[in-house]
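Values quoted throughout were computed directly from the atomic coordinates according to the rules given, and no laboratory measurement underlies them. Note that this is a predicted model, so its numbers are computed, not measured. Note that each Cβ is placed from the backbone with ideal geometry, even for glycine, and that neighbours are counted across all protein chains shown.
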């Protein structure tokens, strides 16, 4: 698979970054993570459950409830989060470098009808480090907005194996997933999209 690098509003999009064999290996590693830290649907501060299911690996996991959005050192079941798989860390090294490694790998699973509204990733302490997003499974329609709410947006379909780097001026740009093309990929036998986001938290 040949990689093509696109830039859209400061987002660097590596189309076809992961070949099929590597996607399958990473998926197997994330299934191991999920076996130790079962996915759950967090409650938003507004009292509604998210349509995605999520889990995490690393020093921290992302969490939400009526108290707000934040990072926690333990899964809701009380266990420490599993370590981030080496194959996933290697993606960060290739697109960001070796100077600083991520503290968290958030894994979001989108089933049929799941979406993620426009949002900023701003629960981290240091915005100088990018957020790296890895797409696995079904196509997802990725919408990119602006540093503030409102205004025009642009969208692009992300396919399995694509990697997005959100850094620099794009680090606090609003973005989201409008919908998925359910069943468009053979990677997840039962369909759905798995999105991994790597973040420096401290």
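Details
- Helix content alone sets the calculated 222 nm mean residue ellipticity of the chain: runs of n ≥ 4 DSSP H residues at -39500 (n - 2.57) each, divided across all residues, give -4500 deg cm²/dmol.
- Protection-proxy order for peptides 90-101, 167-178, each taking the mean of Cβ atoms within 10 Å per residue, highest first: 167-178, 90-101
- Relative contact order (%) - criterion: Cα under 8 Å, at least six apart; region: the chain: 25
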